[in-house]
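To start, the structure itself, in structure tokens.
The values are calculated or read from the model by the stated rules, or taken from the named source; none is laboratory data. Only a predicted model underlies this, so the values are computations on that prediction, with no experimental measurement involved. Because the Cβ atoms are built from the backbone with ideal geometry, glycine has one as well, and the counts that use them run over all protein chains shown. Just the protein is used for accessible areas: all its heavy atoms, side chains included, with ligands, DNA and RNA removed. Shrake-Rupley method; radii C 1.70, N 1.55, O 1.52, S 1.80 Å.
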Amino acid sequence: AYAAQGFTGFYFKEEMLAEGYKVGPYIMEHLLDEDVFDNAANHLPVGGPAAQFIVTMTSHVPFIPAWPEYKSAGGSFARYVSSMSYLDGCLGDFYQKLPEGTLLIIWGDHGSDVD
């Protein structure tokens, strides 16, 4: 499907593992968001219009363990807020690596289902 949309390079879990990234300790053996964004930054297209479609997993159940500052909220909400804080930091680091004039579009494909 991605090739039909015009994407010419693909970096799924297998490709990232081959590049030396490791499976993270959370989220059903997915890669850490910080590594996904690092990989995306290392493969930024140069010279002309381009697009990257980045999918992160930290915002998916069962989320990361709750950070100390959110533990009082308890349960899945504390883990969700911790996951979003982690993702926010990773996204901020990635944004700092983008070339001047880059348009960054953030899109979420579903809600959290967290009360």
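Exposed loop sites here are chymotrypsin sites (Phe, Trp or Tyr not before Pro) in DSSP loop states with at most 13 other C-beta atoms within 10 Å. What is the longest stretch of the chain lacking them? Here the longest segment lacking exposed loop sites spans 54-106.
Stretching Val23 away from Phe53 to a fully extended chain increases their span by 8.8 nm, per 0.36 nm per residue minus the current alpha-carbon distance.
Note on the range 32-58 and the range 85-115: Cα centroid distance 11 Å, given to the nearest whole angstrom. Each of Val61 and Val46 was given a label point 7 Å from its Cα along the Cα-to-Cβ line. The distance between the two points is 4.4 nm. Remark on Leu31: its backbone amide H falls under 5 Å from those of Gly24, a criterion applied only to residues 5 or more positions apart or on other chains, H modelled at 1.01 Å from N.
Computed 3J(HN,Hα) for the range 86-92, one whole-Hz value per residue from the Karplus formula 6.51 cos²θ - 1.76 cosθ + 1.60 where θ = phi - 60°, is 4, 4, 4, x, 5, 5, x, glycine and proline marked x.
Let me test this: with uniform point scatterers at the alpha carbons of the range 24-115, what is the Debye-based log₁₀ I(q)/I(0) at q = 0.10, 0.14, 0.16, 0.22 1/Å? Values returned for q = 0.10, 0.14, 0.16, 0.22 Å⁻¹ are -0.30, -0.56, -0.70, -1.13. Measuring nothing but how far apart in sequence close Cα pairs (under 8 Å, 6+ apart) lie, relative to its length, the chain scores a relative contact order of 21 percent.
Between the DSSP loop rule and a limit of at most 15 other Cβ atoms within 10 Å, which trypsin sites (Lys or Arg not before Pro) in the range 11-115 are left?
Working: sites: Lys13, Lys22, Lys71, Arg79, Lys97; in loops: Lys22.
Sparse-neighbourhood loop trypsin sites (Lys or Arg not before Pro): Lys22.
Loop-resident GluC sites (Glu not before Pro) (DSSP state other than H, G, I, E or B) in the range 1-99 with no more than 16 further Cβ atoms inside 10 Å of their Cβ: Glu19, Glu29. Rolling a 1.4 Å probe over the protein heavy atoms gives the chain an accessible area of 69 Å² per residue.
Could you tell me what percent of the accessible area of the range 10-79 is made up of carbon and sulfur, with a 1.4 Å probe and every protein chain present?
58 percent
Net charge in the neighbourhood of Gly92 (other residues with Cβ under 15 Å of its Cβ; Lys, Arg +1, Asp, Glu -1) is -4.
Count charges around Glu34 for me, please; just the other residues with Cβ under 14 Å from its Cβ, Lys/Arg as +1, Asp/Glu as -1. Show your work: numbers first, answer last.
Details: positive: Lys22, Lys97; negative: Asp33, Asp35, Asp38, Asp88, Asp93.
Surrounding charge for Glu34 is -3.
Please give the net charge around Met57, taking every other residue with its beta carbon less than 12 angstrom from that of Met57, where Lys and Arg add +1 and Asp and Glu add -1. Around Met57, the surrounding residues sum to -3. Database remark: amide H of Val61 closer than 5 angstrom to no amide H (H placed geometrically; neighbours at sequence offset of 5 or more, or on other chains; Pro and chain starts carry no H).
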